Amino acid sequence: MIRTITMTLLILITFILQSTVFQSLSIASIAPNLLLILTVSFGFMRGKKEGILVGFFCGILIDIFYGNLLGFYALIYMYIGYLNGFLCKVYYDEDVKVPMILTAISDLAYGFAVYGLQFMLRGRLHVMNYVWHIMLPEMIYTVLITVIIYRPLYRLNHWLTEREWEGPKLP
C-alpha cells in the first residue's frame with residue numbers, strides 16, 4: 001500500500017517538475033525527460049511489471065495534458081518500461097552507469113518512435129535535422145539529469161522494499 005501511494009505521488013511530482021521547473025531550465029528549448037528517467041529506473045530496479053505500470057501512468061499523464069491521441073505516449077512508455085524490466089535480474093542496480101546507458105538508449109528509442117509516428121507519417125522526412133537538433137541534445141540532457149536523480153530513486157526503492165519485507169507492526 002505504501003509503495004502504491006509513494007509511486008503515485010512520485011509520478012505526479014515528476015510530471016509537475018517536468019512540466020514547470022524543467023521547462024524553465026530548458027537549454028535551446030530542449031528539456032530533460034524526467035518521466036522517462038522514472039520509467040527506466042523503476043523498470044530496471046523492479047522488473048517488467050513495475051516498468052509497465054510506471055510507464056503507463058507516466059505516458060497517460062502526457063497524453064491527457066499534451067497529447068493528440070489518448071494512449072500514444074502511454075504505449076511508448078509502457079514498451080520502454082517493459083524492455084528495461086528485462087535487465088532487472090541481469091545487472092546490479094546500485095551502479096549509475098547502467099541506468100545512464102539504458103536512459104540514453106531509451107531516449108533515442110523514444111525520439112525515433114515519436115518522430116516515426118508523428119512526423120514521418122505526415123511527410124516530414126528531415127530525420128537528420130530532427131536527430132541533431134532535438135533527439136541528441138535531449139538525450140544528453142536527460143542522461144546528465146539521470147546522474148543526479150537515479151541515486152535518490154534507488155534509495156527510495158530500497159526503503160520501500162524494506163518496508164514491504166517488514167510487514168505491519170503490531171501494537
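The values are calculated or read from the model by the stated rules, or taken from the named source; none is laboratory data. A quick note: this is a predicted structure, and the numbers were derived from the prediction, not measured. Ideal geometry is used to build each Cβ from the backbone, glycine not excepted, and the neighbour counts take in all protein chains shown. Surface accessibility is based on the protein's heavy atoms, side chains included, excluding ligands, DNA and RNA. Shrake-Rupley method; radii C 1.70, N 1.55, O 1.52, S 1.80 Å.
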Please return the longest range in the chain lying between exposed loop sites, taking trypsin sites (Lys or Arg not before Pro), DSSP loop only, at most 11 other beta-carbon atoms within 10 Å, and leaving the sites out.
1-88
Lysine-lysine proximity count for the chain, Cα under 26 Å, sequence distance 8 or more or distinct chains:
5
Tensor-based shape of region 2-67 (alpha-carbon gyration tensor, a/c under 1.5 rounded, otherwise prolate or oblate)
prolate
Using a 1.4 Å probe over the heavy atoms of the protein chains, calculate the carbon and sulfur portion of the accessible area of region 45-111 as a whole percent.
70
Just how much of Phe112 is accessible, in Å², when a 1.4 Å probe is used and the result is rounded to the nearest 10?
100
In a GNM of the chain with a 10 Å cut-off on Cα contacts, which of Asn33, Asn84, Asn157 has the highest mean-square fluctuation?
Asn157
Calculated FRET value between Leu10 and Leu125, using beta carbons and R₀ = 45 Å, to 0.05:
0.70
Quick one: accessible area per residue over region 85-140, 1.4 Å probe, rounded to a whole number of Å²?
65
C-alpha long axis of helix 136-166 to longest principal axis of the chain, angle in °:
20
Going by accessible area, probe 1.4 Å, with all protein chains left in place, what is the ranking of Met7, Met78, Met1, largest first?
Met1, Met78, Met7
Helix 34-46 versus the longest principal axis of the chain: what angle, 0 to 90°, nearest 10, using Cα atoms?
40
Here the net charge surrounding Ile76, from other residues whose Cβ is less than 12 Å away from its Cβ (Lys, Arg +1; Asp, Glu -1), is -2
Sticking with the crude label model, points 7 Å out along Cα→Cβ, report the distance from Leu69 to Gln23 in nm, one decimal please.
2.3
When the expected Rg is taken as 2.2 N^0.38 Å, what fraction or multiple of it is the alpha-carbon Rg of region 113-162?
1.74
Counting only heavy atoms of the protein chains, get the accessible area per residue of region 1-69 (1.4 Å probe) and round it to a whole Å² value.
49
Kirkwood calc, the chain, C-alpha pairs only, radius in angstrom 16.5
